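Chemist: Take a look at this one; I'll ask things after.
The values are calculated or read from the model by the stated rules, or taken from the named source; none is laboratory data. Quick caveat, the model's predicted, so the values are computed rather than measured. Cβ atoms come from the backbone with ideal geometry, glycine included; neighbour counts cover every protein chain shown.
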Amino acid sequence: MSSSDEEIKKLHKVRKTLMQMLNDRGYLVTDDEINMTKQQFIEHFGDNMTRDNLFMIKNKRYDTSDQIVVFFLIPEPSKDIIGIVPLRKCIERMQSEKIYKAILVTEHGLTTAAKKAVQLPSIRLEVFLDSELMYNVTEHDLVPVHQVLTDEEKKEVLEKYHVKETQLPSMPVTDAVARYYGLQRGQVVKIIRPSENAGTYVTYRYVS
């Protein structure tokens, strides 16, 4: 059975945002993948595509051993939200591929049990709803430029201003931009805003 036009339109938008997200995180993504039109999307995946067809594995540009996998989850029959069974299949595939980071894309979210199951010490699982990926949050007019600092850059900033990381203004790890970049607690972000007087105004945020 063919996917509805609305479903195809949605999945095309979601996948495009994901490609932009992975590119901004430093993964190897081509311009063709980012700029794929809806018609090209249909030609590539077919008009009877399922969410499974959108599965992908990407590696960092300069470190092919650093990989991430993206699953477009499908709930079990008669259920809307994702339970333990499909989640377990994802984890088993990751273990077989020896990949320890994943983005899980779901239409309606996870059950309470599944939410607990994603909190694993050895595997990092990020969960995004389709609705959260319908647009790129960093392209919003009110969102300033964010630059994730390396450990060395973070050290230089702390030494320059003679502060501890926890003395910087904080950004919650649940912030939409923090989630977009896949930030973790302890990282520091440089935020650049336009300024009428100085041209640009720079601040730093500590991810808490």
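Chemist: Does at least one position in region 118-125 carry a residue that is touching an Asp or Glu at 6+ places or on another chain (Cβ under 7 Å) and within 28 Å of PHE41 (Cα to Cα)?
Modeler: For region 118-125, residues touching an Asp or Glu at 6+ places or on another chain (Cβ under 7 Å) and within 28 Å of PHE41 (Cα to Cα): absent.
Chemist: Being at pLDDT 95 or above and buried (at least 17 other Cβ atoms within 10 Å of the Cβ) narrows it down to one of TYR204, TYR100, so name that one.
Modeler: TYR204 is the lone residue from the list that is at pLDDT 95 or above and buried (at least 17 other Cβ atoms within 10 Å of the Cβ).
Chemist: Can you tell me which residues in region 2-26 are touching an Asp or Glu at 6+ places or on another chain (Cβ under 6 Å) and touching a residue at least 24 places away in the same chain (Cβ under 8 Å)?
Modeler: Those that are touching an Asp or Glu at 6+ places or on another chain (Cβ under 6 Å) and touching a residue at least 24 places away in the same chain (Cβ under 8 Å): SER2, VAL14.
To keep it simple, each residue is scored yes or no on (1) more than 24 Å from LYS10 (Cα to Cα); (2) under 23 Å from the mean Cα position of the chain (by Cα); (3) not in a loop (DSSP other than H, G, I, E, B).
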site	(1), (2), (3)
TYR135	no, yes, no
GLU152	yes, no, yes
GLU156	yes, no, yes
THR166	yes, no, yes
VAL173	yes, yes, no
VAL177	no, yes, yes
LEU183	yes, yes, no
ILE191	yes, yes, yes
THR203	yes, no, yes
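Chemist: Right, HIS140: under 18 Å from MET21 (Cα atoms), at pLDDT below 95 and in contact with a strand residue (DSSP E or B) (Cβ under 6 Å, 6 or more places away or on another chain) or not?
Modeler: The answer is no for HIS140.
Chemist: In region 45-80, how many are crowded, with 16+ Cβ neighbours inside 10 Å, of a type outside the set (S, T, N, Q) and within 18 Å of ALA102 (Cβ to Cβ)?
Modeler: Residues flagged as crowded, with 16+ Cβ neighbours inside 10 Å, of a type outside the set (S, T, N, Q) and within 18 Å of ALA102 (Cβ to Cβ) within region 45-80 amount to 11.
Chemist: Another question about this same structure. Could we say that LEU129 is in contact with a strand residue (DSSP E or B) (Cβ under 7 Å, 6 or more places away or on another chain) and within 24 Å of ILE99 (Cβ to Cβ) here?
Modeler: Judged against the criteria, LEU129 is a match.
Chemist: Looking only at residues that are within 12 Å of LEU87 (Cβ to Cβ) and at pLDDT 95 or above in region 103-112, which one is surrounded by the fewest Cβ atoms within 10 Å (Cβ to Cβ)?
Modeler: Result: LEU104.
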